[in-house]
Every structure is written in C-alpha cells, then in structure tokens.
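J.: Have a look at this one.
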Amino acid sequence: MKAAKKVVVLLKTGKSDNGKNATLAFSCALSAVALGHDTTMFLTSDGAVWGYTDSAAGISVQGFSPLQTLIEQFIETGGQIMLCSVCHRTCSVGGPDSTPLVQKLGAVQIAGFTSMVELAADGVCISF
C-alpha cells in the first residue's frame with residue numbers, strides 16, 4: 001500500500017463565481033481524502049468566506065452535491081480546514097480591528113501561510 005501524502009488544496013475564490021471553484025476545490029479535497037491522503041483545505045483571500053457558518057447555504061453547482069454538503073462531508077471524513085489568519089480579519093468579515101460578525105465553522109483552524117507552506121513542502125498543493 002502506498003504511503004499517504006500530504007495534500008493541500010488552496011482555495012482563494014469566493015462567491016464571485018457562485019461557488020463553482022469552491023465546489024470543485026472541496027470535491028477535489030474529498031477525492032484526496034478518499035484516496036487516504038492527509039488533506040487540508042487552506043482558505044485565503046476571497047476564499048476565506050467559506051470558513052464561516054452558513055456561507056455555503058443554498059449554493060449548488062450542476063452535477064455536484066450542494067457546497068454545504070461537500071464541506072460537511074470533508075470535515076466528517078477527517079479533512080482539515082485552515083483559514084488564513086490575516087484574511088480572517090480582512091478579506092471576509094470586516095477590517096483588521098473589527099470583531100467578526102459571523103461565526104467560523106467549528107472545525108476551522110486559524111493559521112498563517114507558514115503552516116500551509118510547511119504542509120505543502122512535504123506533499124502537493126492544488127489551487128482553485
């Protein structure tokens with residue numbers, strides 16, 4: 001049996017495409033988990049929005065499960081989600097000094113780029 005690789009899926013696209021890239025990214029991440037890889041989603045830039053409660057509600061791309069379902073399945077199957085520490089405060093919910101008005105998903109960890117680079121350095125990084 002092959003050894004599990006570290007897979008980082010970098011998602012930097014928000015709602016501008018009606019969730020298409022996010023749907024593809026979470027589908028890709030679920031595929032990596034299904035293959036037995038240690039898989040982390042890293043949400044940055046506009047993609048940070050997907051780390052918050054109800055952000056994926058009602059989003060569905062033809063041919064795929066609803067985005068909310070994909071995110072829940074990814075978490076339930078052991079996938080990790082990291083939310084860029086800077087973007088947590090600037091890209092999705094306000095300014096750097098404001099308190100976020102929405103809750104992040106419970107399984108989401110706040111992390112910096114060094115965490116993402118460290119994971120990807122021993123594996124592979126796929127970006128959307």
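Taken together, the values in this text are just the output of simple stated rules run on the coordinates, not laboratory data. Quick caveat, the model's predicted, so the values are computed rather than measured. Virtual Cβ from ideal backbone geometry, glycine too; neighbours counted across all protein chains shown.
J.: Given the rule -39500 (n - 2.57) for each run of at least 4 DSSP H residues, summed and divided by the residues of the chain, what is its mean residue ellipticity at 222 nm, to the nearest 500 deg cm²/dmol? Working shown, then result.
T.: Working: 4 runs with 40 residues, N = 128.
Mean residue ellipticity at 222 nm (helix-derived): -9000 deg cm²/dmol.
J.: Ok, one more. Could you list which residues have their amide H under 5 Å from that of Lys104, counting only those 5 or more apart in sequence or on another chain, with H placed in the peptide plane?
T.: Thr53
J.: Let me ask something additional. Ranked highest first by average number of other Cβ atoms within 10 Å, how do 19-32, 46-59, 67-80 line up? Walk me through the intermediate numbers first.
T.: Working: 19-32: 22.1, 46-59: 19.5, 67-80: 17.7.
Answer by packing, highest mean first, reads 19-32, 46-59, 67-80.
J.: So, one more: Expressed in nm to one decimal, what extension gain is obtained for the pair Lys5 and Ile126 from 0.36 nm per residue of sequence separation less their Cα-Cα distance?
T.: On the way: separation 121, 0.36 × 121 = 43.56 nm, distance 1.30 nm.
Extra length available between Lys5 and Ile126 comes to 42.3 nm.
J.: So what's the net charge close to Cys87: Lys and Arg +1, Asp and Glu -1, counting the other residues with Cβ under 12 Å from its Cβ? Provide the component values of the computation, followed by the final result.
T.: Values: positive: Lys12, Arg89, Lys104; negative: Asp46.
Neighbour charge sum, excluding Cys87 itself: +2.
J.: Using a Förster distance of 30 angstrom, determine the FRET efficiency expected from the C-beta separation of Thr77 and Val102, and round it to 0.05. Kindly include the intermediate steps, with their values, before the conclusion.
T.: Working: r = 25 Å, r/R0 = 0.82.
Result of the calculation: an efficiency of 0.75.
J.: Mind checking which aspartates and glutamates have their C-alpha under 19 Å from Lys20, skipping anything on the same chain fewer than 8 residues away?
T.: Asp46, Asp54, Glu72
J.: Note the listed values (i) 19.1, 58; (ii) 13.9, 49; (iii) 15.5, 50, then indicate which one is Rg and Dmax of the Cα atoms in Å calculated from this particular structure.
T.: It is the value labelled (ii).
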